[in-house]
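Here's the structure, in structure tokens; my notes come after.
Laboratory data are not the source of any read-out in this text; all were calculated from the coordinates shown. Quick caveat: nothing in here was measured; it's all calculated off a predicted structure. With ideal geometry, Cβ positions are generated from the backbone for all residues, glycine too; neighbour counts draw on all protein chains shown.
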Amino acid sequence: MPPRKSVPPATEAPQPTYTITELAAEFDITPRAIRFYEDMGLLEPGRKGRNRVYSPRDRTRLKLTLRGKRLGLALQEIKQLVDMYDSQASAAPQLRAFLAILAQHREQLEQQRHDIEVTLAEIQQHEKRCRALLSAA
């Protein structure tokens, strides 16, 4: 039997990195949008020469930022929540803050829905009047 080769101790696999172009393509946004989020403090990429190098942490923060935008959150609210995501503390404060922000946005959206319903009812009345005037002419 041949002697066993010694296997070097397992080392941590290097984490993947992403370019601005890769993230822009993955999330269907422009590199300029990513740079804007960086300027707002939502992303903190490393540098390799003049190029930005984004970590899995940056990718997750970008994903959370875009999700927050879809929910109608302001960038400052998103930053607050994403910063809490990074903390090592319990998730309970983050979840409470998120629930409070969502409740506020739900209230705003319900008000907007009510306003839209009222406006649509007014439009229907105007349309009905116009049709009646046209049929009488």
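Assign one of three labels to region 88-137, namely rounded, prolate or oblate, based on the Cα gyration tensor with a ≥ b ≥ c the square roots of its eigenvalues; rounded applies when a/c is under 1.5, prolate when it is not and a/b is larger than b/c, and oblate otherwise. Taking the square roots of the gyration eigenvalues as a ≥ b ≥ c, region 88-137 is prolate. Relative to the dominant Cα principal axis of the chain, helix 75-86 is inclined by about 30°. Seen through its C-alpha gyration tensor, with square-root eigenvalues sorted a ≥ b ≥ c, region 14-86 comes out prolate because a/c lies at 1.5 or above while a/b is bigger than b/c.
Among Q124, Q111, Q80, the largest mean-square fluctuation in a Gaussian network model of the chain (Cα springs under 10 Å) belongs to Q124. Net length available on complete extension from H105 to S135 is 6.4 nm, with 0.36 nm assigned per residue and the Cα-Cα distance removed. Note on A91/T21: beta-carbon distance plugged into 1/(1 + (r/R0)^6) with R0 of 35 Å gives a FRET efficiency of 0.60. Judged by the ratio a/c of the largest to the smallest principal axis of the C-alpha gyration tensor, region 36-137 counts as oblate, that ratio being 1.5 or greater while a/b is no larger than b/c. Computed from Cα positions, the angle between helix 56-70 and the longest principal axis of the chain comes to roughly 10 degrees. The residue list Q80, P45, I34 was ranked by how far each Cα lies along the charge dipole of the chain toward its positive end, using unit charges on Cβ atoms, and P45 comes out on top.
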